[in-house]
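Q: Before we start, here is the structure in question, set down as structure tokens.
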Amino acid sequence: MNWRAIRAIYVYEMARTFRTLLQSIVSPVISTSLYFVVFGSAIGSRIDSVEGVTYGAFIVPGLIMLSVMTQAISNASFGIYFPKFIGTIFEHLSAPISFVEIVIGYVGAAATKALAIGLIILGTAALFVPLQIQAPLVMLAFLLLTAVSFALLGFILGIWANNFEQLQFVPLLIVTPLVFLGGAFYSISMLPEAWQAVTLLNPVVYLISGFRWSFYGLADVSLGLSLGMIMLFLALCLGVIWWIFRTGYRLKP
Amino acid sequence: MPPILTADHVSKVYDSGHRALDGASLEIEDGEILALLGPNGAGKTTLISVICGLVSPSGGTITVGGHDAIREFRAARALIGLVPQEISLEPFETVWNTVRFSRGLFGKPRDDARLEGILRDLSLWDKKNAPIRALSGGMKRRVLIAKALSHEPRVLFLDEPTAGVDVELRKDMWQVVRKLQQSGVTIVLTTHYIEEAEAMADRVAVINKGRVLLVEEKTALMARMGRKELRIDLGAPLAELPSALARFGLSLDADGERLILVYDGAGGPPPLVELVKAIEAEGLAIADMQTRQSSLEEIFVGLVADQDAAREDAA
């Protein structure tokens, strides 16, 4: 394993974040704050508390998840897509490193950024609503697993994408709806029964449910199922990445 | 000394079915400048890409410094630096950061003094903090060279280093390459400019249709490629060549209207002034004069025809 190469990619990617600080960190924080103002305070004040938790506090885990997922995907996908787009990927391919180093470098950097943004939003949320975190370690574990899994998904997306539209397509048309319909802003139990069954097909439900449990002890599905689902998702992404590695898909003719 | 790099019957068939390499074999000597010469689409870039790990070969073996390029790719690739044909650089990054990134990517420990030396040699040191988008085309090309040299490779591949570059920059580039050779780096450059091979190379390999047709010392090859023909159109046809002119090696064409002198660059220029005086002394009028040089294209056609004939003989 070429650790210096991993470090080089990681440091380079993190430097890009700091160069584009406004776009990378400030904008997700601002947009999340707007959610708190609109859903938490303005609308939330007219909504009953959910199982003893005020609505503003109830949506915090979902909002953090939304940001962590979209940030992990967009950072990792852009990170690997950009060298492909401008042609600098030749250097990665000619370096004495395998695909493993490339994945660790890009996914590690994207997951770090997503994790940092998640924690910043958590801090921001604490300014708006009273928060309690009953199982901080479980919370961190969910955050980390989600950041890594979705960064892997983003990496796959970046390898697959042939243009910027495709790069935007998955986060915008797939992830955002899944998160909104995945119980970020409501408890699954609020839905009619038929829809509850449909919702259980949405993988994001399990992530948000488990993550929310770590805050308030409230969950739509059991914690074990939530953890199992995210591990399954992680394994799926790793499987696809392994296949890309074996075949050189869209990287190496 | 064993060759620093060998390619043995390397082939590449792309998914489209295009056979870019068809059993190309090549040995590169340590410390030389080898020019890989061939027309567009001959397989030059594919051969380099396969050697450097950008493209997976369909067959054949490559060793670099004795290491198999696939089984021991880490050891093999650590010895190679690649300057691609396209200027592929991140526009917003600074020169310094991008060169440092390259060194790290190849797994080398940080060594700012060495990177400074490389940038100074390439006249880039005063631009080290400039973003790449602010550099001229020639400077960008040099940044690519600096990146390729950052991990101290033993073999440097330059893929069309002067494609689309003006004459002055081309000469600058040639100087840079010579300096690199003096520092002990083996250089393989691809080009379709014969003058470039002539100016730079110790040896020339000619590649066409995915095969390396020949590898020769430059001077030997230039003598063959440098064949020239001088044609002198006469004012009136001659029945036969006057003996005074025959000593120049001239011949008369079938119509008797044109004198032809074939010579090569290796033997120096023919005695043109004496030749003209001799023609004048014979009382002949010169209607026109022209010289033509056999083009690279013609030489390729000749080589390929020879190769096909040899294959038929073998069959």
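Every number here is computed from the coordinates shown, using simple stated rules; none is lab data. Since the model is a prediction, treat every value here as computed from it, not as a measurement. As a convention, Cβ positions derive from the backbone with ideal geometry for all residues, glycine included, and neighbour counts pool all protein chains shown.
Q: Under 8 Å for C-alpha pairs, at least 6 residues apart: give me the relative contact order for region B:5-223, rounded to a whole percent.
A: Here the relative contact order equals 31 percent.
Q: Given points 7 Å out from each Cα along the Cα-Cβ axis, report the B:Q181 to A:W243 separation in nanometres with one decimal.
A: Using points 7 Å along Cα→Cβ, the separation is 5.0 nm.
Q: Let me ask something else about it. Give the angle, between 0 and 90 degrees and rounded to the nearest 10, that separates the Cα long axis of helix A:99-128 from the longest principal axis of the Cα atoms of chain A.
A: 30 degrees
Q: Hey, what do the phi angles of region A:198-212 turn into as Karplus ³J(HN,Hα) couplings, whole Hz, using 6.51/-1.76/1.60 and θ = phi - 60°, x for Gly and Pro?
A: 4, 4, 5, 7, 8, x, 5, 3, 5, 5, 5, 4, x, 5, 5
Q: Add +1 for every Lys or Arg and -1 for every Asp or Glu among the other residues with Cβ under 12 Å from the Cβ of A:A109, and state the total.
A: Net of charged neighbours comes to +2.
Q: What does the structure give for B:141-151 when I average, per residue, the other chain Cβ atoms found within 10 Å of the residue Cβ?
A: 1
Q: Would you order B:V50, A:V26 from fewest to most other beta-carbon atoms within 10 Å of each residue's own beta-carbon?
A: Ranked by crowding around the Cβ, least crowded first: A:V26, B:V50.
Q: Pick from A:L201, A:L145, A:L167: which is most flexible by mean-square fluctuation in a GNM of chain A where alpha carbon atoms under 10 Å apart are linked?
A: Per the Cα network of chain A with a 10 Å cutoff, A:L201 tops the list.
Q: Just to confirm the number: angle between the C-alpha axis of helix B:296-314 and the first principal axis of chain B, 0 to 90 degrees, nearest 10?
A: Tilt relative to chain B: about 90 degrees.
Q: Now for a separate question. Taking chain B as a Gaussian network, Cα atoms linked when under 10 Å apart, which of B:Q290, B:Q182, B:Q85 shows the biggest mean-square fluctuation?
A: Of B:Q290, B:Q182, B:Q85, the Gaussian network model singles out B:Q290 as fluctuating most.
Q: Then there's this: How many angstrom lie between the Cα centre of region B:272-287 and the Cα centre of region B:156-201?
A: 42 Å
Q: Using a simple spin-label model with points 7 Å from Cα along the Cα→Cβ vector, what separation in nm is obtained for A:R46 and B:Q293?
A: Computed distance between label sites A:R46 and B:Q293 equals 8.5 nm.
Q: Okay, next question. What number comes out for the charge environment of B:D30, summing +1 per Lys or Arg and -1 per Asp or Glu over other residues with Cβ under 12 Å away?
A: In short, -3.
Q: Just grab the label-to-label distance for A:V37 and A:L201, each label 7 Å out from Cα along the Cβ direction, in nm (one decimal).
A: Taking the simple label geometry, A:V37 and A:L201 are separated by 3.8 nm.
Q: Taking amide H positions as placed in the peptide plane 1.01 Å from N, state which residues far from B:E257 in sequence (5 or more) or on other chains have amide H under 5 Å from it.
A: The answer is B:L238.
Q: Give the shape of chain B as rounded, prolate or oblate, defined through the alpha-carbon gyration tensor: a ≥ b ≥ c are the square roots of its eigenvalues, a/c under 1.5 means rounded, and otherwise the shape is prolate if a/b is larger than b/c and oblate if not.
A: prolate
Q: What does the extension gain come out to for B:L241 and B:D68, with contour length at 0.36 nm per residue minus their alpha carbon separation?
A: 56.1 nm
Q: Run the numbers for B:A309 and B:V167: contour at 0.36 nm per residue of separation, minus the present Cα-Cα distance, in nm. Intermediate values should be presented prior to the final figure.
A: Working: separation 142, 0.36 × 142 = 51.12 nm, distance 3.91 nm.
47.2 nm is the gain from fully extending B:A309 to B:V167.
Q: Quick one: which of B:K127/B:K209; B:K12/B:K171; B:K44/B:K228 span more than 32 angstrom between C-alpha atoms?
A: B:K127/B:K209; B:K12/B:K171
Q: Sticking with this one: Among A:M190, A:M229, A:M69, whose mean-square fluctuation peaks in a Gaussian network model of chain A (Cα, cutoff 10 Å)?
A: A:M190
Q: In whole Hz and in residue order, list the ³J(HN,Hα) couplings for region B:15-22 that follow from phi through the Karplus curve 6.51 cos²θ - 1.76 cosθ + 1.60, θ = phi - 60°; x for Gly and Pro.
A: Using θ = phi - 60°, the values come out as 4, 5, x, 5, 8, 7, 10, 10 Hz.
Q: Taking the Cβ of B:L89 as the center, what net charge do the other residues with Cβ under 9 Å away carry, scoring Lys and Arg +1 and Asp and Glu -1?
A: +1
Q: Moving to a separate point now. If all Cα-Cα distances of region A:3-247 are sorted into 10 Å bins from 0 onward, what percent lands in each bin, rounded to whole numbers?
A: 8, 31, 34, 19, 7, 1
Q: For A:K252, which aspartates and glutamates qualify as cross-link partners when the Cα separation must be under 14 Å and same-chain residues fewer than eight apart are set aside?
A: A:E91, B:D15
Q: What number do you get for the protein assembly as shown when its Cα radius of gyration is normalised by 2.2 N^0.38 Å, N = residues?
A: 1.35
Q: Full extension from B:M1 to B:A75: what is 0.36 nm times the residue separation minus their Cα-Cα distance, to one decimal in nm?
A: This chain segment gains 24.7 nm when fully extended.
Q: Here is a follow-up. Taking θ as phi - 60°, what are the ³J(HN,Hα) couplings along region B:29-35 by the Karplus curve (6.51, -1.76, 1.60), each to the nearest whole Hz, with x for Gly and Pro?
A: With the stated coefficients, region B:29-35 comes to 7, 5, x, 8, 10, 10, 9 Hz.
Q: Please sort by residue number the GluC sites (Glu not before Pro) in region B:173-279 whose DSSP state is loop and whose Cβ has at most 13 other Cβ atoms within 10 Å.
A: B:E240
Q: Then there's this: Please work out the FRET efficiency for the pair B:W125 and B:Y193, using the Cβ-Cβ distance as r and a Förster radius of 30 Å; give the result to the nearest 0.05.
A: 0.50
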